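What follows is a short report on a single structure.
Every number here is computed from the coordinates shown, using simple stated rules; none is lab data. Quick caveat: nothing in here was measured; it's all calculated off a predicted structure.
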Amino acid sequence: MSLSRREMCWFFPAALLPVLIADNQAEQQASLRSTMYPFKQLSVHISATAAIRAVLKGKLATGESLEVHETTLAPGGAPHPPHRHPHSEMWLVREGTVEISVNNTSTRLGPGSVGFVGSNDEHGIKNVGETPATYFVVAIGPGAS
């Protein structure tokens, strides 16, 4: 059987349609679903510099990667040196006093404050208070999940 160019132009998109539908359904199934994360059920990972509670990690139905965790730092503590990455991050300070540096500019934040850093900006966070500092990190974008 011989196909003309015109017939091939109609045939190939139709042949690919089931593959595209299957890929879309798999992506939708793999996305994070609505759920709750009671604090008492979050496991704690203790590192040399911080106590970290992973909350969630995955992809949104709209395609973005999302990761959320809570970190507690001892006075003077920092989870890591300043760094850069492709995803954006937001810090929601729950208690204590932290200093967040973004591109060599530092700001002190206390309870109820929010900090944000865009993709690829150099940033770091440190507990500059006399008591433990606890904050949530919301990371969104490439590499967040």
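List of remarks:
- Added length on full extension, which subtracts the Cα-Cα distance from 0.36 nm per residue, E95 to R108: 3.4 nm
- Fully extending the segment from E64 to E130, taken as 0.36 nm per residue of separation minus the present Cα-Cα distance, adds 20.1 nm.
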